[in-house]
Amino acid sequence: PELPLPLNNTLVHELLVSGKTYYITAGYSNFEPILLVFDELCEYKTIKLPHDFSGPLAPYQGKLICGHKKLISLDIVSEKYEVLSDEPLGTRDGPWSAKVFKNFLIIGVSDKGDKIVVFDLDKKKIVAKIPTLKDSYYIYQSIETPDGKLLIAGSVPRISFMLVDPKDWSFQTFYGDVPEKNTVNYYNIFLNEKTLYITSIYASFLFSYPD
């Protein structure tokens, strides 16, 4: 009853704190100011955040990284937070989920023309902005490859992949042979060093890696 919005188009984050597991979500992925936190016994509480810092993004070192226009590191037990950066992220619709890759936060976007933000969580600064593709601009999935690179998945209106070298954040672009009706890349996982599995709207696909 404390949530102003129903749970819709959102993710659940798992966070381990002092040996206890918590599950965190929000009514909407990219700028919902109220977090819903469950523990292992299904007891829950809500945490309200300032609008500029709202929205759960990813766990990191026992804290939850949250952000909309700016980023914080939130202690979900004490409900205290540290401001990681006052620098605006520059995403018009706010971050659309994020992935922790080594010590970097890879922040997804959902508007044409927005750039994927790479934020160094240790140095607390933006280190790169990667342009999205005009025909695949909806970004909310990224995973580490078996050889230590970053694979960013694009959606809408086409499914694409950006293979990113973390040494300089340069990237190569790939389009899979996927029927046009499959416009969204929902989930990606490497089954082994040479096989990538993805789930789309109407079907799932296997891709060879790295080609």
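The values are calculated or read from the model by the stated rules, or taken from the named source; none is laboratory data. Keep in mind the model is a prediction, meaning the values are calculated, not measured. No Cβ is skipped: glycine too gets one built from the backbone with ideal geometry, and neighbour counts run over all protein chains shown. What goes into the accessible areas is simple: the full protein's heavy atoms, side chains included, and nothing from ligands, DNA or RNA. Shrake-Rupley method; radii C 1.70, N 1.55, O 1.52, S 1.80 Å.
Listing for the model above:
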quantity	calculated
Average accessible area per residue (Å²) across the chain - probe 1.4 Å, nucleic acids and ligands excluded	51 Å²
Area of residue 200 that stays accessible when all protein chains are in place (1.4 Å probe, Å², to 10)	10 Å²
Region 29-118: GluC sites (Glu not before Pro) in DSSP loop, at most 15 other beta carbons within 10 Å	40, 43, 79
Cβ-placed point charges (K, R +1; D, E -1), dipole of region 69-140 about Cα centre in debye, nearest 20	240 debye
Estimated dipole of the chain in Debye, rounded to 20 [Cβ of Lys and Arg +1, of Asp and Glu -1, Cα centre]	360 debye
Quotient of Cα Rg and 2.2 N^0.38 Å for region 1-149, N being how many residues it contains	1.01
Accessible heavy-atom area order of 119, 104, highest first, probe of 1.4 Å	104, 119
Probe 1.4 Å - accessible area at residue 177, Å² to nearest ten	150 Å²
Pairs of Cα atoms farther than 15 Å apart, region 125-211, %	56 percent
With all protein chains modelled, accessible area of residue 34 [1.4 Å, Å²]	30 Å²
Rounded percent of accessible protein surface that carbon and sulfur make up, the chain, 1.4 Å probe	52 percent
Over region 37-96 - Rg/Rh using Cα atoms and the Kirkwood inverse-distance radius	0.99
Candidates 183, 195, 145: whichever shows maximal mean-square fluctuation once the chain is modelled as a Gaussian network with Cα springs under 10 Å	195
Stokes-Einstein D in µm²/s, Kirkwood radius over Cα pairs - region 58-141 at 4 °C with 1.567 mPa s viscosity	100 µm²/s
If the convex hull is drawn through the Cα atoms of region 63-211, its volume per residue in Å³	118 Å³
Relative contact order %, the chain, counting alpha carbon pairs below 8 Å whose residues are six or more apart	9 percent
